[in-house]
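Everything on this sheet refers to the single structure shown next.
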Amino acid sequence: MILLRISLFFLILLLLPDWYIYRFYVKYSAKRWKKVLWWIPSICLLLALLFFVCFHHSMQHAFSVYLITALCLAVPKMVFMVCDLLIYLCKKLMRCFIKAPVPLSFIRLYKFTRRSVPLFVAIVTCVYLLFGAIFGKEFFEVKEVTFSSPDLPQAFDGYRILQLSDIHSGSWNDGGEALRRAMTLCNGQHPDLIVFTGDLVNSLADEIKPYMSVFSQLKAKDGVYSVLGNHDYATYVHWDSESKRLANVDTLIAREKQMGWDMLMNEHRILRRGNDSIALIGVENSGNPPFPNRGDLPKALRGTEGMFKVLLSHDPTHWRREVLPQTDIQLMLAGHTHDMQVSLFGFSFSKFIYPEHSGMYIDKGRGLYVNVGLGFVMFPMRLGAWPEITVITLKKTKAYN
């Protein structure tokens, strides 16, 4: 289903701007062989897309290269089309309000603008896309966030939680150099606690084997804890039997334990500072269809009554579905959205799918933080939604009035 949506997206992205540019620029000004040549890149990309629809599971790296190539060709042409159309519509609108003869200088300015501005913007867009593909996915960003609550025990005032999410180990192919830099950056924050909120792999437990020594470098005073995300259940590949899929999940959990990570499977841990304590709760993925919904929050909460609670739950939709209406959990940490790996001037299309898609959200003093992830999946790039390392500092405040 996901691949079908991507295919439809690329069909529109490739053909619509090609038709527009052909209709207004190529059709009446180019020679016949140039008219035919104009369509060849898009036809080749569509044929390649058809091929990957059938075989992409066995050629993931090649599919990633294809996606970058298609985006770098199609998106600038789409941007060119939009800019050109806006300039043309502005001219039409001005002619409606200005009845006097149009000065020759205005006509020259219009022709220059329509020739140069869309082309310039398209070139800038292409360069930006290449930056996202080459450098953006390793442009690690440390975000400092504060969450304040009167329920926080005094001994935990200033407590620092470092959150990682959505590493997607199978998407990295640089020998671990980038992830090694990221782990060093994490340790450099000197957190009290490190948590990982799911999607360590794309599907297979073997994806983390080359990076286990890298992930083992993570150190915090109170340890490293993790939960499963939707990709960790290995439902995106074909298995001969359900038992083999479950064995893959068990292998992933065992390898995280070998790395020194404590996997929370609908359970909790008590963290202590002197006579004070808080509860760290972790649930399996709790998502809306088609994502797995295996979280058992009531089970995980047993024994934490009256405590300040931090919940690790991969999918941010869990917050409004169950956490807010049915519990007294003060802070939930999630991931999953990636902010669609593209955010321009703070805007991301992920907001139309996830009401809470990036950053901190507060509802009557209770918080949700959505980490946009450290890794990438499907599209091997990040633009604006840079790979994130979050440091959340807990602060005690006076009781609410």
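The values are calculated or read from the model by the stated rules, or taken from the named source; none is laboratory data. Keep in mind it's a predicted model, so treat the numbers as computed, not measured. Please note: Cβ atoms are built from the backbone with ideal geometry, for glycine as well, and neighbour counts cover all protein chains shown. These area figures cover heavy atoms from the full protein model, side chains too; ligands, DNA and RNA do not enter into them. Shrake-Rupley method; radii C 1.70, N 1.55, O 1.52, S 1.80 Å.
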Any idea what the dipole of the stretch 281-331 comes to, in debye rounded to 20, about its Cα centre with Lys/Arg Cβ at +1 and Asp/Glu Cβ at -1? 20
Trypsin sites (Lys or Arg not before Pro) within the stretch 238-336: which are DSSP loop residues with at most 15 other Cβ atoms inside 10 Å? ARG294, ARG302
So, by mean Cβ neighbours within 10 angstrom, what's the order for 327-338, 117-128, 62-73 with the highest one leading? 327-338, 62-73, 117-128
Given unit charges at Cβ for Lys, Arg (+) and Asp, Glu (-), the dipole magnitude of the chain about its Cα centre in debye, nearest 20, is 2500
What residue among GLY282, GLY306, ALA70 has its Cα farthest toward the positive end of the dipole of the chain, where the charges are +1 on Lys, Arg and -1 on Asp, Glu, each on the Cβ? ALA70
Which of the helices in the chain meet the span-like rule: DSSP H, Cα axial reach of 27 Å or more, Kyte-Doolittle mean at least 0.0? 2-21, 32-55, 60-97, 104-134
Relative contact order for the stretch 252-318 using alpha-carbon pairs under 8 Å, separation at least 6, rounded to a whole percent? 31
Tell me, what does the Kirkwood hydrodynamic radius of the stretch 100-191 come to in angstroms if you use every pair of distinct C-alpha atoms? 18.7
Of [x] 54; [y] 74; [z] 47, the label for percent of Cα pairs over 28 Å apart derived from the coordinates: [x]
Once amide H atoms are placed 1.01 Å from N in the peptide plane, what residues at a sequence separation of 5 or more from MET332, or on another chain, have their amide H within under 5 Å of its amide H? LEU311, GLY367, LEU368, TYR369
Just to confirm, what accessible area per residue do you get for the stretch 251-299 at 1.4 Å probe, in whole Å²? 47
Please give me, ordered by residue number, the chymotrypsin sites (Phe, Trp or Tyr not before Pro) of the stretch 285-370 that lie in loop per DSSP and have at most 16 other Cβ atoms within 10 Å. PHE345
For the stretch 325-389, run through the trypsin sites (Lys or Arg not before Pro) and keep only the ones in DSSP coil with at most 13 other Cβ atoms within 10 Å of their Cβ. LYS364
Cβ-placed point charges (K, R +1; D, E -1), dipole of the stretch 64-151 about Cα centre in debye, nearest 20: 1040
Each residue of the stretch 216-225 in order: what ³J(HN,Hα) in whole Hz does its phi give by Karplus 6.51 cos²θ - 1.76 cosθ + 1.60, θ = phi - 60°, with x for Gly and Pro? 5, 6, 5, 9, 8, 4, 9, x, 10, 10
Among GLY136, TYR211, PHE147, whose Cα lies farthest out toward the positive end of the dipole of the chain, if unit charges sit on the beta carbon of Lys, Arg (+1) and Asp, Glu (-1)? GLY136
Hey, any idea what % of the chain's accessible area is carbon plus sulfur with a 1.4 Å probe? 64
Towards the positive end of the charge dipole of the chain, with charges on Cβ (+1 Lys, Arg; -1 Asp, Glu), say which of LEU228, ILE87, SER42 has the farthest Cα. ILE87
Mean Cα-pair separation over length for the stretch 299-380, i.e. relative contact order, pairs under 8 Å, 6 or more apart, %: 29
Roughly speaking, what is the stretch gain from LYS257 to ILE123, that is 0.36 nm per residue apart minus the C-alpha to C-alpha distance, in nm to one decimal? 43.5 nm
Over 23 Å between Cα atoms, which of LYS77/LYS143; LYS244/LYS299; LYS143/LYS396; LYS143/LYS257 qualify? LYS77/LYS143; LYS244/LYS299; LYS143/LYS257
Which aspartates and glutamates, if any, have their Cα less than 16 Å from the Cα of LYS209, not counting same-chain residues under 8 positions apart? ASP174, GLU177, ASP199, ASP232, ASP250, GLU256
